[in-house]
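Visitor: What follows is a single structure, and I will ask about it in a moment.
Laboratory data are not the source of any read-out in this text; all were calculated from the coordinates shown. Being a predicted model, the structure only gives us computed values, none of them experimental. In this analysis, Cβ positions are derived from the backbone assuming ideal geometry, glycine residues included, and neighbour counts consider all displayed protein chains.
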Amino acid sequence: MNNLYNIAKDLFSTNKVDLIIGYKSIDSRRTKPIFVSSNEDVDHLVFNEYSLNNLSVYLTRKDIKKYNKIGILAKGCDIRAIVQLINENQIEREKILIISKKCNGVVKDFGLEYNEENIAEKCKSCKVRTPKVFDLMIDSEEEKELPEPTISSRVNELDSMTPEERFEFWRNEFSKCIRCYACRQACPLCYCERCIVDKNIPDWIESSPTQRANFSWNLIRAFHLSGRCIGCGECERVCPVDIPLSLLNAKMGIVAFKEFNYATGMEIGEPTLVGNYSNEDNEDFIK
C-alpha cells in the first residue's frame with residue numbers, strides 16, 4: 001500500500017532524502033511541524049485534515065538549505081508556494097521531493113471538529129485539491145464536494161463600498177494590528193533576509209503600532225505579495241487579532257488574473273508576474 005509510513009521508510013532506506021519536513025500529531029485535533037532525518041522517527045508522520053501549516057515556509061531557511069535532498073509533505077495549495085519559490089529562484093526543484101495527496105480540505109484552525117461548517121475558506125475555492133506538481137502521491141480518498149466559497153462575495157462587497165467606507169473598514173481592522181509580524185513569519189513568500197520594517201536607516205515604517213504605521217505595514221506587505229500570494233491563508237490564521245488579510249491578498253490575485261491572466265504558482269518555469277514585461281500588457285488599470 002502506497003501509504004505515508006512506507007513511503008518515508010523507503011526514501012530513507014534508499015538514501016533518496018536527507019530530511020523530511022512533515023506533520024506530527026499533538027492530539028486528535030492538532031498537529032505541529034516535524035523534521036525527520038532517519039527511519040527511527042517516520043512513524044510520527046501524519047498527513048490529515050489538521051495538517052494546517054504551510055511547510056514550504058521552511059525551505060528558504062539557511063539551516064534547511066544545507067540538506068542535499070529534502071522531502072516535504074505538501075497539500076496542493078502548499079505546492080503552489082513551492083512552485084513559486086522555484087520560479088523566484090529561491091530553491092532548486094532537483095533538491096525538493098514533494099509528497100502529496102488528494103485533499104478534501106482542512107479545518108479553519110486547530111481544535112475544531114472536521115465538518116462542513118469548519119472547513120477552511122481557502123479550501124472551498126481551491127483549484128489544486130488534486131495536485132498538479134508532485135513526486136509521490138499518498139493513498140487518499142477521492143475528492144468530495146465542499147461548501148461554496150464566500151471570499152469572492154466578500155471582496156465584491158468591499159468593492160461596492162465608497163472609498164470613504166473602504167478606508168473606514170480597513171482603518172478599523174488595521175487599528176487592531178499589534179505589529180507582531182506573525183503574518184510575515186508564517187508566509188513562505190516572505191523570505192527577505194531583512195524585512196523593510198526592520199530597517200531603520202532609512203526608517204521606512206514606524207515600529208510603533210500607530211494608524212499610519214499600521215496602514216503602511218499591511219498595505220506594503222500586500223503589494224509585495226501581489227502576483228505572488230498563493231492563498232494558503234496562513235497569514236490570516238495566525239493573526240492574533242483576526243485581521244482579514246486574505247481579503248487584501250485575494251483582491252490582488254483577482255486583479256492579477258483579470259489584467260494579466262496570471263495565477264500564481266501553477267506551473268514550474270512560468271515567468272513571475274512582477275519579473276516579466278510585455279508590450280502587450282494591459283495598461284487600462286493604470287490611473
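Visitor: Taking every DSSP beta bridge with both residues inside the chain, roughly what % is antiparallel (nearest 5)? Mind dumping the intermediate values first?
Guide: Details: 11 of 20 bridges.
Given both bridge residues lie in the chain, the antiparallel proportion sits at roughly 55 percent.
Visitor: Please give me the summed charge of the neighbours of residue 222: other residues whose Cβ is under 13 Å from its Cβ, Lys and Arg +1, Asp and Glu -1. Before the final figure, lay out the partial values.
Guide: Values: positive: 184, 221, 228, 251; negative: 173, 236.
Every neighbour counted, the sum reads +2.
Visitor: Which order do 224, 44 fall in if you start with the one that has the fewest other Cβ atoms within 10 Å?
Guide: Numbers: 224 17, 44 14.
Fewest to most other Cβ atoms nearby, the residues stand as 44, 224.
Visitor: Show me, bin by bin at 5 Å from 0, the whole-percent P(r) of the range 151-260 based on Cα pairs.
Guide: Over the range 151-260, the share of Cα pairs per 5 Å bin runs 2, 12, 21, 25, 22, 13, 5, 1, 0 percent.
Visitor: While we're here: Give 102/122; 75/176; 66/132; 9/69; 101/144; 24/75 a once-over and call out the pairs whose C-alpha atoms are over 24 Å from each other. Kindly include the intermediate steps, with their values, before the conclusion.
Guide: Details: 102/122 15 Å; 75/176 31 Å; 66/132 27 Å; 9/69 15 Å; 101/144 13 Å; 24/75 15 Å.
Violating the 24 Å limit, Cα to Cα: 75/176; 66/132.
Visitor: Next up: Got a sec? How would 167, 12, 260 order by Cβ neighbour count within 10 Å, fewest to most? Write down the numbers at each step before the final one.
Guide: Numbers: 167 12, 12 20, 260 16.
With the sparsest Cβ surroundings first, the list reads 167, 260, 12.
Visitor: Viscosity 1.567 mPa s, temperature 4 °C: Stokes-Einstein D of the range 4-137 from its Kirkwood Cα radius, in µm² per second?
Guide: Working: Rh = 15.2 Å.
Once the numbers are plugged in, D ends up at 85 µm²/s.
Visitor: If you don't mind, another one. How would 245, 158 line up from fewest to most surrounding beta-carbon atoms within 10 angstrom?
Guide: Values: 245 24, 158 16.
Fewest to most other Cβ atoms nearby, the residues stand as 158, 245.
Visitor: Compute all pairwise cysteine Cβ distances in the chain, then list the cysteines with no distance under 4.7 Å to another cysteine.
Guide: Lacking a cysteine Cβ partner under 4.7 Å: 77, 103, 123, 126, 177, 180, 192, 195, 229, 232, 239.
Visitor: Between residue 5 and residue 113, take the C-beta separation as r, use R0 = 22 Å, and let me know the FRET efficiency to the nearest 0.05. Provide the component values of the computation, followed by the final result.
Guide: Working: r = 26 Å, r/R0 = 1.16.
Computed FRET efficiency for residue 5 and residue 113 comes out at 0.30.
Visitor: Okay, moving on. Say a paramagnetic label sat at a point 7 Å from the Cα of residue 132, along Cα to Cβ; which residues of the range 140-154 have their backbone N under 14 Å from it?
Guide: none
Visitor: For the range 1-40, how big is the tail of P(r) above 14 Å, as a whole percent of Cα pairs? Write out the running numbers ahead of the final one.
Guide: Details: 391 of 780 pairs.
So the pairs more than 14 Å apart make up 50 percent of the total in the range 1-40.
Visitor: Turning to a different aspect of this structure: Per the helix-only calculation at 222 nm, which mean residue ellipticity applies to the chain, given -39500 (n - 2.57) for every DSSP H run of n ≥ 4 and division by its residues, nearest 500 deg cm²/dmol? Can you show the working numbers first?
Guide: Working: 10 runs with 91 residues, N = 287.
Helix-only estimate at 222 nm: -9000 deg cm²/dmol.
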